[in-house]
Amino acid sequence: MARPQRNTVPVKEGPRTNEDIDNPEVRLITEDGVNIGLVKLTAATGLADEVGLDVVEVSPGQIPVCKIMDHGRAKFEAQKKAAKARKKQKTVEIKEIKMRPGIDQHDYEVKMRAVNKFLTAGDKVKLTMRFRGREMTHQELGMNLLNKVKAETEELAKVEQHPKMEGRQMTMVIAPVQAK
């Protein structure tokens, strides 16, 4: 047995234009920005047709404010502006660096170069200190190491989450300082 079809009216995005405006009277603004005042919708669409433009609802309400403009061009400009804003957006990622309390000096320097690279790229860094076996009895070593990282990255980053224990690992999150 076939399912009955629903009569769904497509929802139009954006402002209402010309015949879509359901109010008989509108407050009209010309393409030059001159406020004409209260006008019947038929007169407003007549004025817009003379110029070859559309009546576009700028502000809906009891008496909507409408402007005479090229709706297609305005829509295109808005899309371009939104695309430009999306292009400039930077998604902040959280990069993770894992260490152990007994890390060697050279290994530590390699990890710090990676931390600095991530911070200058604008990403947050989650530092994870893993404790295995008897290292759990010397958690102060891990805390000292994370404090050393905090001191070395003072100019580049601010601490977003201070070091805390979660099971057998200690974590700290640092985020880049925004240049003003």
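Rule-based calculations on the coordinates, nothing more; no lab input. The structure presented is a predicted model; accordingly, all values stated were derived computationally and were not measured. Counting neighbours? That spans all protein chains shown, and the Cβs are built from the backbone with ideal geometry, glycine included.
Neighbours of residue 112 by Cβ distance under 14 Å: Lys/Arg scored +1, Asp/Glu scored -1, total +1.
Considering the chain, its Cα convex hull presents a mean projected area of 21.7 nm². Computed extension length for residue 137-residue 86: 13.4 nm, one decimal, from 0.36 nm per residue of separation with the Cα-Cα distance subtracted.
Over 23 Å between Cα atoms, which of 95/164; 90/148; 84/124; 88/111; 87/150; 88/150 qualify? From the list (95/164; 90/148; 84/124; 88/111; 87/150; 88/150), the Cα-Cα distance tops 23 Å for 90/148; 84/124; 88/111; 87/150; 88/150.
Can you give the % of DSSP beta bridges in region 94-176 that are antiparallel, to the nearest 5?
Details: 13 of 19 bridges.
Around 70 percent of the beta bridges assigned by DSSP in region 94-176 are antiparallel ones.
The GluC sites (Glu not before Pro) of region 122-152 include none that meets both conditions, a loop assignment by DSSP and at most 12 other Cβ atoms within 10 Å of the site Cβ. Once C-alpha pairs closer than 8 Å and six or more residues apart are averaged by separation and normalised to the residue number of region 18-82, the relative contact order reads 31 percent. For region 72-122, the list of GluC sites (Glu not before Pro) that fall in a loop by DSSP and count at most 14 other C-beta atoms within 10 angstrom reads 93.
So what's the net charge close to residue 126: Lys and Arg +1, Asp and Glu -1, counting the other residues with Cβ under 11 Å from its Cβ?
-1
Of all lysines in the structure, the ones whose alpha carbon falls short of 17 Å from that of residue 40, not counting any fewer than 8 places away in one chain, are 67.
What FRET efficiency, computed as 1/(1 + (r/R0)^6) with R0 = 25 Å and r the Cβ-Cβ distance, is obtained for residue 159 and residue 130, rounded to the nearest 0.05? Spell out each step's value before the answer.
On the way: r = 20 Å, r/R0 = 0.79.
Calculated value: 0.80.
In the chain, helical runs assigned H by DSSP with n ≥ 4 each contribute -39500 (n - 2.57); averaged across all residues and rounded to the nearest 500, the mean residue ellipticity at 222 nm is -10500 deg cm²/dmol.
Less than 13 Å Cβ to Cβ from residue 92, Lys/Arg counted +1 and Asp/Glu -1: what total charge do the surrounding residues give?
Local net charge: +1.
Using Cβ point charges alone (K and R +1, D and E -1), the dipole size of the chain about the Cα centre works out to roughly 1180 debye. Gain on full extension, evaluated as 0.36 nm per residue between residue 177 and residue 19 minus their Cα-Cα distance, stands at 51.7 nm.
Within 10 Å of each candidate Cβ there may be at most 15 other Cβ atoms; applying that plus a DSSP loop requirement, which trypsin sites (Lys or Arg not before Pro) in region 67-128 survive?
Filter output for region 67-128: 90.
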